[in-house]
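Worksheet: the structure to be examined is printed underneath.
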């Protein structure tokens, strides 16, 4: 074989939409970063909450949409991140804002022993098993009297910081986490591990037969998802200033995340973004209807799951072939050069 | 000493109720590998329906249960044919998400109709009557009735699966649904029958639960977790295993409550996790 023969194909990884999307994302990031200088503080708080749900949705999508790990217990790590932040900030001399990344790390560390237990269950049993673990954490914190037990405690460490400074820094953290989570998932899925993950999604047995260590990849994804959830939880309670076991470890976290991912489109990066926007719009307009609103969310999720299992973005992508975050490799064959 | 014996006895009786919770879940999972996240909410739905019958029509809880059982059967059959059959398949996500959605719908519907107040089914003298067993040891007639009913349900299900034509179809569909279809078993119908029977067990569990303690619309998830824990502790494959799992969970919770009122549920969860770590297939798995 002649080593100088040029390959007759290229492997394309970008699309026109992804190049345009990259520029739009940069502009959006710059505009949003200036928000604290001119926008109302209620907008900053709303965005912080938006960022929490976006991060959680991206992480859950990574878990369930790619890793095949359908967890209904991600609230375990939301709560652990939140409580880790409050404990570190209140009981150590560390800067409260610096406690946030530490809180995420603590959640990720605790995901290791948690995985040892829940990975013994498969499929639907894994789902409920993760929920049991979340309940165990909730009950442990509800029994911890130095953290206020069931009624919770406040983030006292931020007392000395002016409100405007606190809200601006919280907002910037939220901005970094929101963009960072999307970038992390995008990078991960384009990497070698991402290829393995996509293979596992399509067929676990086939992936294993190709030499992929299925368990190790799943474990990695589980820990990353816990890190994300821990950071999101820390951010949420940094913005809210008060934490209680029921708020921190409530299953509603996962209920909303699942709604977001299913509506937006599971197994895509765009899906959770679209889903989070839709969720916040719905909440803004219909949130006051209480039980009727929640019942409708549940029904919509059921209908979408039965009729449009790929969600809104999946449906749109099928028709438009629009990929802002291309994770696949496309082969482009070159014309043979006539010599 | 007698206090500890009492704790264990009460725990065993509580376990009877948990076994009732668990057998419906176990049945649906066993036949079609369907994990029903709304299971606890169905139990509460039955409990509230029972309460509405008792307070609305003034009938006794026993009559209410007799009315509810055929309704639950029809409801289960319709639920499976109308929704759940479409979700079954190789992918585990659709059934999980659909039953999760159902759970939220049922919880909020109950909140809308019955408000968030806690209440219970009035059953007259049965609730307070007890059987004196010895110095400092007595068991309530109600927990005893529930326990005996759970044994009866386990016997009935075991007989249904082991000795009847329909049970054979259940087992065939569970082992290899495609081969069963080739032999003339209509899977959609069989699955619907399984859910229908599971819902009858759910109705029994719900009414007893409503009599035994107070109920609130948001209690469903907790009941699902107890049912699930009992199934996993017992191991898959037989209703007696599930029954034993319920009893072990009941005893663990009872011991926990005795140690500290805040620990009961937690000790139950920890017992479950311990079994999972030591014997992931459960204590009494039938297969292998």
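Cut-off 10 angstrom, C-alpha nodes, Gaussian network model of chain A. Which of A:280, A:237, A:146 fluctuates the most?
With Cα springs under 10 Å in chain A, the top fluctuation among A:280, A:237, A:146 is at A:146.
What does the convex hull of the alpha-carbon atoms of the protein assembly as shown project to on average, in nm²?
Taking the Cα atoms of the protein assembly as shown, their convex hull projects to 35.4 nm² on average.
Measure off 7 Å from each Cα along the Cα-to-Cβ vector at residue B:4 and residue A:49, then give the distance between these two points in nanometres to one decimal.
Placing both labels 7 Å beyond Cα along the Cβ direction yields 5.2 nm.
Only counting other Cβ atoms within 10 Å, I'd like B:284, A:29 sorted with the fewest neighbours first.
So the ranking, lowest neighbour count to highest, is A:29, B:284.
Expected output is a single nm value to one decimal: the length gained when fully extending between residue A:187 and residue A:292, i.e. 0.36 nm times separation in residues minus the C-alpha distance. What is it?
Length gained between residue A:187 and residue A:292: 33.8 nm.
I need to check one value: relative contact order of chain A, counting alpha carbon pairs closer than 8 Å and at least 6 residues apart, in percent.
This gives 33 percent for chain A.
What ranking do B:115, B:120 get, fewest neighbouring Cβ atoms within 10 angstrom at the top?
B:115, B:120
Which whole-percent values make up P(r) of chain B when all C-alpha to C-alpha distances are grouped in 5 Å steps starting at zero?
Final binned percentages: 1, 6, 11, 16, 19, 18, 13, 8, 4, 2, 1, 0, 0.
Please label the shape of the range A:1-142 as rounded, prolate or oblate, based on the square roots a ≥ b ≥ c of the eigenvalues of the alpha-carbon gyration tensor (a/c under 1.5 means rounded; beyond that, a/b larger than b/c means prolate, else oblate).
It comes out oblate by the Cα gyration axes.
Any idea what Rg and Dmax come out to for the range A:189-339 if you just take the C-alpha atoms, in Å?
Just the Cα atoms of the range A:189-339 yield Rg and Dmax of 19.6, 75 Å.
In what order do A:83, A:66 fall by count of nearby beta-carbon atoms within 10 Å, going from fewest to most?
Ascending number of Cβ neighbours within 10 Å: A:66, A:83.
Test of understanding: in a Gaussian network model of chain B with alpha carbons linked when under 10 Å, which of B:230, B:129, B:271 would top the mean-square fluctuation ranking?
B:129
If each Cα of the range A:87-202 is one equal point scatterer, what is log10 of I(q)/I(0) from the Debye formula at q = 0.19, 0.21 Å⁻¹?
With one equal scatterer per Cα and no solvent, log10 I(q)/I(0) is -1.24, -1.28.
Angle check, please: helix A:41-60 long axis (alpha carbons) against the longest principal axis of chain A (alpha carbons), in degrees 0 to 90, nearest 10.
The answer is roughly 50 degrees.
At a Förster distance of 22 Å, what's the computed FRET efficiency of residue A:98 paired with residue A:242, Cβ-Cβ distance as r, to 0.05?
0.60
Go ahead and set up a Gaussian network model of chain B, Cα springs under 10 Å, then flag whichever of B:45, B:84, B:276 fluctuates most.
So, out of B:45, B:84, B:276, the one fluctuating most is B:276.
If you line up the long axis of helix A:252-264 against the longest principal axis of chain A, both from Cα atoms, how many degrees apart are they, to the nearest 10?
Here the helix axis deviates by roughly 30 degrees.
Decide, for the range A:213-288, between rounded, prolate and oblate: order the square roots of the alpha carbon gyration tensor eigenvalues as a ≥ b ≥ c, take rounded if a/c falls under 1.5, and otherwise choose prolate if a/b is larger than b/c, else oblate.
oblate
What shape does the range A:251-321 take by its C-alpha gyration tensor, where a ≥ b ≥ c are the square roots of the eigenvalues and a/c under 1.5 counts as rounded, a/b above b/c as prolate, and the rest as oblate?
Taking the square roots of the gyration eigenvalues as a ≥ b ≥ c, the range A:251-321 is prolate.
For residue A:112 and residue A:306 in the same chain, what is the full-extension length gain: residue separation times 0.36 nm, less their Cα-Cα distance, in nm?
66.4 nm
Using a basic spin-label model with each label point 7 Å from the Cα along Cα→Cβ, how many nm lie between residue A:213 and residue B:60?
So the label points at residue A:213 and residue B:60 sit 6.5 nm apart.
Report the normalised scattering of the range A:41-248 as log10 I(q)/I(0) at q = 0.15, 0.17, 0.18 Å⁻¹, calculated by the Debye formula with identical scatterers on the alpha carbons.
Here log10 of I(q) over I(0) equals -0.90, -1.10, -1.20.
I'm checking a number: the convex hull volume of the Cα atoms of the range B:1-132, normalised per residue, in Å³. What is it?
Cα-based convex hull of the range B:1-132, divided per residue, equals 152 Å³.
Above 20 angstrom, tally the Cα pairs of the range B:104-172 and express them as a % of all pairs, no decimals.
Value for the range B:104-172 (Cα pairs over 20 Å): 63 percent.
Using Cα pairs closer than 8 Å and at least 6 residues apart in sequence, work out the relative contact order for chain B, in percent.
36
Determine by what factor the alpha-carbon radius of gyration of the range B:147-288 differs from 2.2 N^0.38 Å, reporting the quotient.
Rounded to two decimals, the normalised Rg is 1.18.
Suppose each label sits 7 Å from its Cα in the direction of the beta carbon; what would the residue B:274-residue A:168 distance come out to in nanometres?
5.5
Normalising by the residue count of the range A:251-321, find the relative contact order in percent from Cα pairs under 8 Å and 6+ residues apart.
Contact order relative to length: 41 percent.
By how many degrees, 0 to 90 and rounded to 10, does the Cα axis of helix B:264-278 deviate from the longest principal axis of chain B?
50
At what distance in angstrom do the alpha carbon centres of the range A:37-115 and the range A:262-339 lie from each other?
Each part's Cα centre sits 23 Å from the other's.
Every number here is computed from the coordinates shown, using simple stated rules; none is lab data. Computed from a prediction, not measured in an experiment: that's the story for all the values here. In this analysis, Cβ positions are derived from the backbone assuming ideal geometry, glycine residues included, and neighbour counts consider all displayed protein chains.
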